[in-house]
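Beneath this line is the structure, given in structure tokens, with notes to follow.
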Amino acid sequence: VPVAVVFAPRSVPEDLPRPLPFGDVQEMEISVNCERSPCPSLPCPTTAQEEAALDAVSAREADAALHLLQDTSSGSLTVYVVPEISSLLPQGIGVYVGKHRSALVRARGGLAALRTRLQQLTQVMSFTASSITAALSDRLPDGQLGPDARRHLKSSLGTDVCPSPDAVNRYVQPVLDKLSLVANFSVDSQILYYAVLGVTPRFDKESSSFLLSTHSLPHVINPVEARLGEHCSSAASLYPVLNFLLYVPERSHSPLYIQDKDGAPVSTNAFHSPRWGGIMVYNVEAPASPQASLPLHVDVDMVRVMEVFLAQLRLLFGLSREELPAEFLLESPGNEGLADWELDRLLWAHTVENIATVSTTLTSLAQLLDKIGNIVIKDDVASEVYRAVASAQSAMAKLTTGHLHLAFQASKEAVTSSERAFFDPSLLHLLYFPDDQKFAIYIPLFLPMAVPILLSLAKIVRETRQHKKEPTKMD
């Protein structure tokens, strides 16, 4: 994780080594027996352009101005240390995390305090032990996993997203454009009429409403999923599908609310299923007059709906926020849905997951080849194996040097090559038989024909021997 620490005037700690700039490397081990990449930090003074940007009125304006001046490569972080009396940061705030790849830190204390704050900052803006554990969740014992470790979508070269049809371009597309580095996305929409939940909600007399308890929510998905069209069905796609459904309950079950484990109503009136998607119940006010003409036109507040769906999308991609110290202030990513440094965290996790997937795939392939001694390995399969190994080694080397985007691209190439080799039709194990199976198959076929042939050969041998023993007649 390359981190550049830039000091504004009157913010350099007295005990900081001189002259500037200088480098410092720190290493750390995390609990899943993976070594964290070195974190070189390069303290240096600000330039005139950066000083002008730090003279902005607010931290948000400074972050936007500094974004144009800094290194925007994936995985890099730039920390600007401002004087303690700076008015950029609000009162009581010591660290401001922008929506790009920079942060503002208030100078307070000496070098030791600054190191502690930088470590906290890298834990927020880069990968953590929990993110690595989640990336390796399919390969770790359940005892090492948290409750939400298997909630996020696994790494894939593509993803199909099926939201409700309204306002897709306005709310969903900016997020998918930001995530285009991670995978290729396709978006489809659909409207279902007379859809049922598959469970009967319970009527509550006190609130005059219908309630869905937590234990009944798993039974809601299957009936709805069965009615989804081909474009929004996992059976019609090679890639994972994320479904986001807005459900308007029928008038006989309105209003409908979702309860949590404690029996309290859920504020968003929505729930999500790991690696599947989410459902939100949207209650429509009944018409004031019983004689109102039908069908009734309903205006859906898509801002409120898409706020819930985008929050669920973040959770399904593993973009949940770490618990922050009290003096930290995070800038909202806006319509894009995620900050640049959050995208970097996602790339880190997917790169590690891809490398682990390649290792597992090639290990399984090697075990298959060891079991079948007479298997034929074609040259194109061997080249794919070599390419997968080389790409995985390149990805790990790029991670070590902090080139995150190149590492992610190499890991994707490694996954593609390893899967091509593993699923090659010529390596189908049913094409090759062990010797005992060959005998079991061919003996019943050839033994009935071989018996008379062998008996005839034995008879011919005996007659030949008898003929040789008889004396030759002499005239």
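The values are calculated or read from the model by the stated rules, or taken from the named source; none is laboratory data. For clarity, every value in this text was computed on a predicted model and none was experimentally measured. For neighbour counting, all protein chains shown are included, and Cβ atoms are generated from backbone atoms with ideal geometry for every residue, glycine included. When the accessible area is computed, the model is the full protein with side chains, heavy atoms only, and any ligands, DNA or RNA have been set aside. Shrake-Rupley method; radii C 1.70, N 1.55, O 1.52, S 1.80 Å.
Expected output is a single nm value to one decimal: the length gained when fully extending between His297 and Glu285, i.e. 0.36 nm times separation in residues minus the C-alpha distance. What is it?
Length difference between fully extended and current span is 3.2 nm.
Using a 1.4 angstrom probe on the protein heavy atoms only, line up Arg60, Arg101 by accessible area, largest first. Walk me through the numbers on the way to the answer.
On the way: Arg60 155, Arg101 20 Å².
Result, largest first: Arg60, Arg101.
Just tell me which lysines come within less than 28 Å, Cα to Cα, of Lys178; anything on the same chain fewer than 8 places away is out.
Once the sequence-local lysines are set aside, what remains near Lys178 is Lys99, Lys154, Lys398, Lys412.
Which Cα, out of Leu179, Tyr194, Gln259, lies furthest along the positive dipole direction of the stretch 165-322 (beta carbon charges, K/R +1, D/E -1)?
Ranked along the dipole, the leading option is Leu179.
Would you work out what percent of the accessible area of the stretch 360-475, with all protein chains in place, is carbon or sulfur (probe 1.4 Å)? Walk me through the intermediate numbers first.
Details: 5570 of 8730 Å².
Carbon and sulfur atoms account for 64 percent of the accessible area of the stretch 360-475.
Could you work out what % of the accessible surface of the stretch 3-126 is carbon and sulfur, using a 1.4 angstrom probe and leaving DNA, RNA and ligands out of the count? Write out the running numbers ahead of the final one.
Details: 3270 of 6130 Å².
Of the solvent-accessible surface of the stretch 3-126, carbon and sulfur hold 53 percent.
What whole-number value in Å² describes the accessible area per residue of the stretch 165-322 for a 1.4 Å probe? Let's see the in-between values first.
Numbers: 9330 Å² over 158 residues.
Per-residue accessible area for the stretch 165-322 comes out at 59 Å².
For the stretch 3-126, what does the accessible surface come to per residue with a 1.4 Å probe? Please give it in Å².
Roughly 49 Å² per residue, with all protein chains present.
For Lys469, list the lysines whose Cα falls under 27 Å from its own Cα; do not include residues on the same chain fewer than 8 positions away.
Answer for Lys469, where 27 Å is the Cα cut-off: Lys459, listed by chain and number.
Counting only protein heavy atoms and using a 1.4 Å probe, what share of the accessible area of the stretch 165-322 belongs to carbon plus sulfur, as a whole percent?
Values: 5000 of 9330 Å².
Of all accessible area on the stretch 165-322, carbon and sulfur atoms account for 54 percent.
Express in Å², to the nearest 10, the accessible area of Glu327 obtained by rolling a 1.4 Å probe over the protein heavy atoms while all chains stay in place.
40
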